[in-house]
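One structure below.
The values are calculated or read from the model by the stated rules, or taken from the named source; none is laboratory data. What you see is a predicted model; the values in this text were computed from it and never measured. Don't worry about glycine lacking a Cβ; one is built from the backbone with ideal geometry, like all the others, and counts go over all protein chains shown. Areas reflect the complete protein model, heavy atoms only, side chains present, ligands, DNA and RNA absent. Shrake-Rupley method; radii C 1.70, N 1.55, O 1.52, S 1.80 Å.
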Amino acid sequence: MAVPEEITHRGLLFRAWPIILANMAPPLLGLADTAIIGNLGDAAALGAIAFGALILSFIYLSFGFLRMGTTGFTARAAGAGDHSEVRAIMGRALLLLLLQWPLEAIAFFLLEGSPAVENAAQVYFRIRIWGAPAALSVFVLSGIMIGLGKGRLLLALQLFLNGLNILLDLLFAGVLGMGVAGIAAGTLIAEWSTFLFGGWLLYRELTVNKAHDEKFWPVARILDSASLRNTVSANTDILLRTLVLVLSFAFFTSQSARFGDVILAANHVLVQFISFAAFFLDGYAFVVESLAGRAHGAGRRDVFDLTVRKSTTISFFTAAALALLLALAGRQVIALLTDIPEVRIAANDMLNFAALYVLLSFAAFQLDGIYIGVSRTRQMRNAAFQSAAVYLLAWWLLTERFGIDGLWWAMIIYVVARAVALLRYLPGLRASFAPPDQSEGIA
């Protein structure tokens, strides 16, 4: 069987560009929020946005399995040509929304900051949390879109969310002077609007491959006990993996707060750069998720190997370009994001650490995409615990001696450890494929 023509650098870039643009939207929104508060407020207000966003990230990223687990199962079903199962996968994923509530109380327990930061963060959180059901449902819709390889639908969804969100933030926080509460209210309205828009887009897409007399929701398949067990098992692994990742970043923010509000605010600005690069690099990882899952469903190890090689090459050069751009132009962007002199100085002093992190992070993202695509979630879970142990050891050894520089070095070591831990399982994954001459065509 010939390798599909889309598995070339040109073909992968064609598939990736709408996803990259979609992925750039959330960090651009974070930059917009940071710029509005950074120029209208003080260090405490900027720190409050950092804490409030982190708490919601704890909840939302903890439920990242709604996107990641859905993508892998969808890609494999699409590779096998089972379109009814794609709709059943979406139904099973939406059932998991019931698990969101216990995580809210945990989030505030984990973090502490100055009274001014905590008070403003609580205002932000208490408004934005009402958008959680909509935001989590959008995770499921996004996972289906990525698994089906519908990057342009995902782009339309994200552009709608972030365009509306920025407009509302400017109206509420800028024009009406509502500050942190205005940022939260704008995001709340945008999340519910996006859920309705995305549901309409996906319903229209999924009815194309539905038989005329077939119900949209195949209830019997959604509630199939074996499929539900597989869904819960895979998503539990991803939940644990994501919790470890989120807690690691929460630990970074919490440790930053120990150095004062200025360092907390400065690191929040730098984390926006990392988020921008991360979501950009995730565009290639998302392509790998879809294509690797389809290759696995069709038994095509040759397609899998070629996809991994081509996409990783592109990802490396992209990471290098982003790191160079950050090192050369980061100070100018920091000046745009905040006019607080002490925050600018602190962020400039730590800028090179953020650039190095971006450069070395590409491998972790690509390997995550591979394992999500083929639903090898147990290996992802194990690698997360292993790399977190390395991170904590590095923090313990370096921070006491080198202060905030040591904390950044621990984060850089952590992202490398994530890649190394995942790489250990790759030979076993490749061995699970049938030999190329026994493989069948990919859908």
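Being within 17 Å of the chain's Cα centre (by Cα) and of a type outside the set (Val, Ile, Thr) is the filter here; which residues of region 376-393 pass it?
Met380, Arg381, Ala384 - these are the residues of region 376-393 that are within 17 Å of the chain's Cα centre (by Cα) and of a type outside the set (Val, Ile, Thr).
When you go through Ala329, Ala257, Ala335 one by one, which is the residue that is among the small types (Gly, Ala, Ser) and in contact (Cβ under 8 Å) with a residue 24 or more places away in the chain?
Just a single option satisfies the conditions, and that option is Ala257.
Right, Pro427: modelled with pLDDT of 85 or more and either over 28 Å from Thr236 (Cα atoms) or not charged (D, E, K, R) (or both) or not?
Here the answer is yes, as Pro427 does meet what is asked.
Checking Phe280 against (1) over 18 Å from the mean Cα position of the chain (by Cα); (2) open to solvent by 30 Å² or more (accessible area, probe 1.4 Å), which test does it fail?
(1)
Mind counting the residues in region 251-277 that are under 20 Å from the mean Cα position of the chain (by Cα) and open to solvent by less than 10 Å² (accessible area, probe 1.4 Å)?
Residues meeting the conditions: 5.
Residue-wise test of (1) under 22 Å from Val271 (Cα atoms); (2) surrounded by 23 or more Cβ atoms within 10 Å (Cβ to Cβ); (3) within 17 Å of the chain's Cα centre (by Cα); (4) without any contact (Cβ under 8 Å) to a residue 12 or more places away in the chain.
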site	(1), (2), (3), (4)
Ala354	yes, yes, no, no
Leu359	yes, no, no, no
Ala364	yes, yes, yes, no
Ile370	no, yes, yes, no
Gly373	no, yes, yes, no
Leu398	yes, no, no, no
Arg401	no, no, no, yes
Leu423	no, no, no, no
Leu426	no, no, no, no
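Kindly evaluate Asn235 against the criterion of being modelled with pLDDT of 80 or more, open to solvent by less than 20 Å² (accessible area, probe 1.4 Å) and assigned to a helix (DSSP H, G or I).
No.
Tell me, yes or no, whether region 333-341 has at least one residue that is more than 24 Å from Phe249 (Cβ to Cβ), open to solvent by 40 Å² or more (accessible area, probe 1.4 Å), outside any helix (DSSP H, G or I) and at pLDDT below 85.
Yes; the residues of region 333-341 include at least one that is more than 24 Å from Phe249 (Cβ to Cβ), open to solvent by 40 Å² or more (accessible area, probe 1.4 Å), outside any helix (DSSP H, G or I) and at pLDDT below 85.
So Ser375 ticks every box in (1) part of a loop (DSSP other than H, G, I, E, B); (2) over 21 Å from Ala285 (Cα atoms) but one. Which box is left unticked?
So Ser375 meets the others, but not (2).
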